[in-house]
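These notes concern the structure reproduced below.
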Amino acid sequence: MASSPLRFEVNSPNRVEQRLRIVLLGPPGAGKGTQAARVACRFGTPHIATGDIFRANVASGTELGRTAQEYMDRGDLVPDEVVIAMVMERLAADDCEAGFVLDGFPRTVTQAEALDRRLVEQGSPLHAVACFDITEDELLRRLAGRAAAQHRADDAEQTIRHRLEVYSVKTRPLIDYYRHRRLLTMVDGVGKVEDVTGRILTGLPSSNGGRDPALALAV
Ligand code: AMP
């Protein structure tokens, strides 16, 4: 597949935007799901949320769901090889030619390297990684609210703390990983939903003069 130039203009609601390939990074409770859905809708790209895919597999009792469930219930990460295979298959689907918003993947350096390899092979590197900046107090407050509203087993208090530790140890290193590749934009994740979306969109590289994703991957 040939590399495509950036063809989106974030400040123009009338323009047809396409082929945005973006990762939303951040701790559990930071608002990745809400924001990823909004950004994907804005750009007409699929929203790929690994947690949602796992939960759907658990609900329908697939083998993948059975494998993932024990890790999810403990608040641990599902093993890299399982997640990577699942995401690579999803990225091969036709709708991803329009780009994608990845939510909850990658979560480890191994996953990020697998993603880079795949996208470089395809000549279609990431355009940006938006990482939510948010305090632990705010996260704990939000996750407690979500536990009550959605009855998610992994939002129980001790599991939440464990998930935040897992984020710190395994996922936080991706901030430097992507900063080094000049793809990272930090986004203040506190405030009204639409304001946070606006900050994400403003932080994306523009079609004329923004960061060059091809260069970023060459670092
Ligand atoms: P989430 O809805 O994104 O918070 O994900 C819920 C759970 O799914 C996580 O706590 C992990 O157990 C699992 N999961 C989702 N994405 C990944 C990933 N990229 N790597 C490993 N485990 C994941």
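The values are calculated or read from the model by the stated rules, or taken from the named source; none is laboratory data. Just so we're clear, the structure is a prediction, and the values are computed from it rather than from any experiment. No Cβ is skipped: glycine too gets one built from the backbone with ideal geometry, and neighbour counts run over all protein chains shown. Accessible surface is based on the protein model in full, side chains and every heavy atom, while ligands, DNA and RNA are left aside. Shrake-Rupley method; radii C 1.70, N 1.55, O 1.52, S 1.80 Å.
Of the residues in segment 172-184, at least one is assigned to a strand (DSSP E or B) and touching a Cys at 6+ places or on another chain (Cβ under 7 Å). Restricting segment 65-114 to residues that are assigned to a loop (DSSP other than H, G, I, E, B) and under 15 Å from L25 (Cβ atoms), the residue that is most open to solvent (accessible area, probe 1.4 Å) is R107.
Is it the case that D116 is under 23 Å from R161 (Cβ atoms) and within 16 Å of the ligand (Cβ to nearest atom)? Considered against the rule, which asks whether it is under 23 Å from R161 (Cβ atoms) and within 16 Å of the ligand (Cβ to nearest atom), D116 comes out as no.
Taken across segment 1-23, residues that are surrounded by fewer than 19 Cβ atoms within 10 Å (Cβ to Cβ) and either modelled with pLDDT of 95 or more or under 25 Å from K170 (Cβ atoms) (or both) do not occur at all. For segment 145-178, residues that are more than 22 Å from F105 (Cα to Cα), away from the ligand (no atom under 14 Å from the Cβ) and at pLDDT 80 or above total 1.
Determine whether G145 is surrounded by 17 or more Cβ atoms within 10 Å (Cβ to Cβ), under 30 Å from K192 (Cα atoms) and out of contact with any Leu (no Cβ under 7 Å at 6 or more places or on another chain). So that I can check it myself, show each step before the final result.
On the way: surrounded by 17 or more Cβ atoms within 10 Å (Cβ to Cβ): no; under 30 Å from K192 (Cα atoms): yes; out of contact with any Leu (no Cβ under 7 Å at 6 or more places or on another chain): yes.
Against the criterion (surrounded by 17 or more Cβ atoms within 10 Å (Cβ to Cβ), under 30 Å from K192 (Cα atoms) and out of contact with any Leu (no Cβ under 7 Å at 6 or more places or on another chain)), G145 does not qualify.
So which residues in segment 37-64 are surrounded by fewer than 18 Cβ atoms within 10 Å (Cβ to Cβ) and modelled with pLDDT under 95, if there are any at all? The answer is C41, R42, G44.
Can you tell me which residue is nearest to L143 (Cα to Cα) among those in segment 25-78 that are basic (K, R) and near the ligand (Cβ under 9 Å from one of its atoms)?
My answer is K32.
Checked against (1) over 18 Å from A36 (Cα atoms); (2) buried (at least 19 other Cβ atoms within 10 Å of the Cβ), G189 passes all but condition (1).
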